[in-house]
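A short write-up of the structure that comes next.
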Amino acid sequence: MTFELQAQDPGSNARAGKVTTAHGVIETPIFMPVGTAATVKAVHQRELKEDIQAQIILGNTYHLYLRPGLDILEKAGGLHKFNGWDKPILTDSGGYQVFSLSGTRKIIEEGVKFKSHIDGSTHLFTPENVMDTQRTIGADIIMAFDECTPYPCEYDYAKNSMHRTHRWLKRCCERFDSTEGKYGFDQTLFPIVQGSTFRDLRTQSAEYIASMNREGNAIGGLSVGEPAEMMYEMTDLVCSILPKDKPRYLMGVGTPANILENIALGVDMFDCVLPTRNARNGMLFTTQGIINIRNQRWKDDFSPIDAELGGYTSTFYSKAYLRHLIHAQEYLAGMIASVHNLTFYLWLVKQAREQIKAGTFAAWKNVMVEKLMTRL
Ligand SMILES: CNc1nc2c(CCNCC3CCCC3)c3nc(N)[nH]c(=O)c3cc2[nH]1
């Protein structure tokens, strides 16, 4: 994997770049739709490519390991072959998902013991077997096995958690660097900065991660309930330490406003379940602001969901029709709303990229953040 820095905004730390992987190019800043169980929920591959124009999607090691299981994925020739997505894929390492999904889990030096949320069976994720698992899934970019330090937490907990994540990272690198891709293409391992909301720990973690000299770096432990200002302060600090010539991935972020603010701080890659999860309960992000389509006021508004956005779904269907489908709990409701929101998120980062290349991002960002927060 390579990263080419193409432009830097004069009024902020925003940058535009190009990541090249075995499955194609990613133009940054980029938003990565989350595909949990080998699918971006309710979205066809063709819509991801044509309407949304996604360049990379995420897979979930925790889910895929439990279902369909590694034997099926290996027989298919990896996730790209299994779900038919032939562009780049990134998989998270599963640690975060164990914490957010599995009822019972126990952290030990070896790794994390947990019970499957599907059938209650017990499993152990270790740095080593999570590397092997991601080799089998076959994502172009894989994440180190880490603990996303919970928020809030005591300083000592954050310190010990960070050091354990660093020890696990060393084991990930050793395992990953001593194994090959299973399907004839190269994969890349990103380490993840932790340190919670403590400046000295964040500095220490960013310096340690940078010293591993991997081809890209991730910022973890944020978007876990901390105030947005704290998220921005930690991101700003970490981005000032991570190398400029490597892509920076801020995990689990965020709202449109969070994304623009973090682009200004130097972040290149984002993922979040918000556009798809909120779509299913009728929250639409549009070029004019946020719409709760369930609201009475859209009952007889036959205008397109978002005429400015382009793309079949956002211009073919009306607000009134989508409101009806949501109230009728029709499957098509979630499909339309998910494609629309993802189209918006990709449109937003594409606009940011154009503004950065034009050198006008900083002022545009401030206007845009205000506008996007408007509740219509
Ligand atoms: C929502 N906020 C948030 N998410 C975080 C995530 C998950 C990012 N999303 C991954 C996709 C979701 C399903 C498939 C992959 C984090 N992941 C890791 N490994 N470490 C974090 O500190 C970490 C921190 C995170 N904070």
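The values are calculated or read from the model by the stated rules, or taken from the named source; none is laboratory data. Because the structure is a prediction, the values reported are computed rather than measured. Heads up, the Cβs are rebuilt from the backbone with ideal geometry, glycines too, and the neighbour counts pull from every protein chain shown. Heavy atoms of the whole protein, side chains included, go into the accessibility calculation; ligands, DNA and RNA do not. Shrake-Rupley method; radii C 1.70, N 1.55, O 1.52, S 1.80 Å.
With R₀ fixed at 30 Å, the C-beta to C-beta distance from residue 215 to residue 39 puts the FRET efficiency at about 0.65.
Which aspartates and glutamates have a Cα lying under 12 Å from the Cα of residue 18, excluding residues fewer than 8 positions away in the same chain? Partners found: 4, 27, 245, 268. For residue 230, the accessible area of its heavy atoms, probed at 1.4 Å with every protein chain present, is near 50 square angstrom. Spacing of the modelled spin labels on residue 366 and residue 129, each 7 Å from Cα toward Cβ, amounts to 5.3 nm.
The lysine pair tally for the stretch 233-372, using Cα distances under 23 Å and a gap of 8 or more places or different chains, is 11.
Would you kindly state how much longer the chain becomes between residue 376 and residue 53 on full extension, computed as 0.36 nm times their sequence separation minus their alpha carbon distance, in nm to one decimal?
Numbers: separation 323, 0.36 × 323 = 116.28 nm, distance 2.61 nm.
This chain segment gains 113.7 nm when fully extended.
For the stretch 84-155 and the stretch 8-50, what is the centre-to-centre distance using only Cα atoms, to the nearest Å? Spelled out, the Cα-based centre of one part sits 22 Å from the other.
Let's see if you can work this out: charge +1 on each Lys and Arg Cβ, -1 on each Asp and Glu Cβ, no other charges. What is the dipole magnitude of the chain about its Cα centre, in debye to the nearest 20?
620
Note on the chain: Rg/Rh from C-alpha atoms, Kirkwood Rh, equals 0.96. Projecting the Cα positions of 7, 342, 58 onto the charge dipole of the chain (unit charges on Cβ atoms of Lys, Arg, Asp and Glu, taken about the Cα centre) puts 342 furthest along the positive direction.
For residue 157 and residue 257, FRET efficiency with R0 = 41 Å and r from the beta-carbon atoms, rounded to 0.05?
Values: r = 30 Å, r/R0 = 0.73.
The value I calculate is 0.85.
Under 18 Å of direct C-alpha separation, and excluding same-chain neighbours fewer than eight residues apart, residue 170 reaches these aspartates and glutamates: 92, 109, 110, 128, 132, 146, 147, 180, 207, 215.
Here each label is just a point 7 Å from Cα along the line to Cβ, and for residue 122 and residue 230 those points are 3.4 nm apart.
Which residue, chosen from 295, 374, 169, occupies the Cα position most advanced towards the positive end of the dipole of the chain, where the dipole is computed from +1 (Lys, Arg) and -1 (Asp, Glu) charges on Cβ about the Cα centre? Value computed over the given set: 295. Here the accessible area of the chain is 50 percent carbon and sulfur, with a 1.4 angstrom probe and all protein chains present.
Have a look at the DSSP beta bridges in the chain and tell me what percent are antiparallel, nearest 5.
Antiparallel bridges make up about 50 percent of those DSSP assigns within the chain.
Protein-only accessible surface at a 1.4 angstrom probe places the residues 128, 330 in the order 330, 128, largest first.
To the nearest 0.05, how large is the calculated FRET efficiency for residue 107 and residue 354 if R₀ is 41 Å and r is the Cβ-Cβ distance?
On the way: r = 44 Å, r/R0 = 1.07.
Working from the Cβ atoms, E equals 0.40.
Residue pairs exceeding 23 angstrom between C-alpha atoms, taken from 106/182; 113/159; 113/182: 106/182; 113/182.
Of all the options 51, 177, 140, the one that moves most in a Gaussian network model of the chain with Cα springs shorter than 10 angstrom is 177. Using a probe of 1.4 angstrom and keeping all protein chains present, the accessible surface of the stretch 2-271 works out to 38 square angstrom per residue.
Modelled spin labels at residue 327 and residue 307, positioned 7 Å past Cα toward Cβ, are 2.4 nm from each other.
Restricting attention to the stretch 152-232, which GluC sites (Glu not before Pro) occupy a DSSP loop and are surrounded by at most 13 other Cβ atoms within 10 Å?
Values: sites: 154, 174, 180, 207, 215, 229; in loops: 154, 180, 215.
Taking the stretch 152-232 and a limit of 13 other Cβ atoms within 10 Å, the loop GluC sites (Glu not before Pro) found are 154, 180.
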